[in-house]
Amino acid sequence: MKPNMDRVAHRFSAAAPLYHAHNVLQRRTATHLLSTLSATGRVLDLGCGPGTDFSAFSGVKEVVGVDIAQGMLRTFKQNFAGYDALCGDAQNLPLQSASIDTLYSNIALQWCHHLPDAINDIHRVLAAEGKMYASIVSQHSLAQLSDLGLRVNQFHSTQAIKACFSASQWDQLEIDTRAITVHFDNLKALLQSIKGVGASGMSAADQLSLRPNTLRGRADWQRLLKRAELTRVAAGLPLTYNICFIKAVKSR
């Protein structure tokens, strides 16, 4: 595993115990992704985190969860003892070629150091006519944080994500980009929704980091609170993500 991915793995492992208290976005995207899912055979949950319940899909024979974070995998096995768990990087999956019938990945692939490598390896492990269902955070997400003066590194654009599929053979490719806004009671809860799932402070390409020297003391924090309150709506303080929902079918 590359050094920067070691740091990513450490942060997500540390976040595992309280992940479900902060995964507001992940729950929203999972609901949509699962509503489109047709899962059969051997299922790979890539970037599985604490796990997803596939018991509603009668055609599923086996579930394998892959994550870079050992802490997440421990929680995954506690939640789903019957599923297999593997520690691995999406860019170099610890799976045989053509061994997966259905791939599910919810808000995970944007953390890859080089997304085209991940898409190519997903193609490798999928069987002929295997299906990929994924959600990925994309460009122009978290604009409210940028407006507050917090640095948000750029995520891939929809066009760049689509281009990642051009090197491999796919019979179908559907990418639907949607803005999803989640709301919070206060700024601390908003920021914790990012930190609490392990997604802050990373330095690799296309990752989110909150500039640590933006706030120099209580006065700066109070000014930031006042600016954040100007964005409040009836539902609370908004935080908007652009999410690419992907369905792809590997060629025969």
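The values are calculated or read from the model by the stated rules, or taken from the named source; none is laboratory data. All of these numbers come straight from a predicted model, not from anything done at the bench. Note that each Cβ is placed from the backbone with ideal geometry, even for glycine, and that neighbours are counted across all protein chains shown. Each accessible area value is taken on the protein alone, full model and side chains, heavy atoms only, with ligands, DNA and RNA left out. Shrake-Rupley method; radii C 1.70, N 1.55, O 1.52, S 1.80 Å.
Here are a few things to note about the model shown:
- Available extension along the chain between Ala56 and Arg151 is 30.1 nm, counting 0.36 nm per residue and deducting the alpha carbon span.
- Among the listed pairs Lys61/Lys162; Lys61/Lys250; Lys77/Lys250, those beyond 24 Å (Cα-Cα): Lys61/Lys162; Lys77/Lys250
- Accessible solvent surface per residue of the range 24-130, calculated while the other protein chains remain in place, 1.4 angstrom probe, Å²: 39 Å²
- Were the residues from Ser166 through Lys77 laid out at 0.36 nm apart, the gain over their Cα-Cα distance would be 28.5 nm.
- Reach of Lys188 by Cα under 21 Å, taken over lysines that are not fewer than 8 positions away in the same chain: Lys226
- Inter-site label distance for Cys87 and Lys188 at 7 Å from Cα along Cβ, in nm: 3.4 nm
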